[in-house]
Amino acid sequence: MADNFQFCTLPAGCVVHIGFPKAASTWLQEAVVANLPKVMPIGKPKTPNQEYADFFAKLCSVNELEFDPDAMRHEFVGLYQTHQASRPTADKTMVSMEYLSGDYFTGVDSKQLMDRVKLVFGNVKILIIIR
């Protein structure tokens, strides 16, 4: 994986919350991030539409041989641009899907998911909550 990717079409100030599950993630998503007017919340539990839910399902579970980071990045940027008007004051983006940290009992797919986060979102800040 090259470190010189340029992700200029992704939202500036993007933070990816990867989990852990069962560590107050829903509270963070619903009570905190959803009420910050300068943050565009994207992800679980509330998504602007089914297309986001489908995007995250593909990001987390599509077969490794079928995973296409360029197509995923393009899809995310398109979805983001379509729904950007819903939060016009936002200058930051919080992508939140606590299952991006992998299986919370075994961590089985953690590395694969982190590779996918890097390939799709680039050099973003990662937020992980430990309870």
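The values are calculated or read from the model by the stated rules, or taken from the named source; none is laboratory data. It should be emphasised that the depicted structure is a prediction, and the values quoted were computed from it without experimental measurement. Note: ideal-geometry Cβ built from the backbone for every residue, glycine included; neighbour counts use all protein chains shown.
Please state which of the following conditions Met40 fails to meet, knowing it meets all the rest: (1) more than 19 Å from Lys118 (Cα to Cα); (2) surrounded by fewer than 17 Cβ atoms within 10 Å (Cβ to Cβ).
(2)
A quick yes/no check of all residues on (1) under 14 Å from Cys14 (Cβ atoms); (2) buried (at least 17 other Cβ atoms within 10 Å of the Cβ):
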{"residue": "Ala90", "(1), (2)": "yes, yes"}
{"residue": "Thr93", "(1), (2)": "yes, yes"}
{"residue": "Val108", "(1), (2)": "no, no"}
{"residue": "Lys118", "(1), (2)": "yes, yes"}
{"residue": "Asn123", "(1), (2)": "yes, no"}
{"residue": "Ile130", "(1), (2)": "no, no"}
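Taking the criterion of being more than 15 Å from the chain's Cα centre (by Cα), at negative phi and either modelled with pLDDT under 85 or aliphatic (A, V, I, L, M) (or both), would at least one residue in the range 95-105 satisfy it? Explain how you work it out, then say what you get.
Of all residues in the range 95-105, those more than 15 Å from the chain's Cα centre (by Cα) come to 103-105.
Imposing the further condition that a residue be at negative phi reduces the set to 103-105.
Subsequent filtering for residues that are either modelled with pLDDT under 85 or aliphatic (A, V, I, L, M) (or both) retains 104-105.
Yes, the conditions are met somewhere in the range 95-105.
Being within 11 Å of the chain's Cα centre (by Cα), among the basic types (Lys, Arg) and on the phi < 0 side of the Ramachandran plot, is that true of even one residue in the range 52-71?
No, the range 52-71 contains no residue that is within 11 Å of the chain's Cα centre (by Cα), among the basic types (Lys, Arg) and on the phi < 0 side of the Ramachandran plot.
Mind listing whichever residues of the range 55-70 are assigned to a helix (DSSP H, G or I) and either touching a helix residue (DSSP H, G or I) at 6+ places or on another chain (Cβ under 9 Å) or surrounded by 17 or more Cβ atoms within 10 Å (Cβ to Cβ) (or both)?
Correct list: Phe55, Phe56, Lys58, Leu59, Cys60, Pro69, Asp70.
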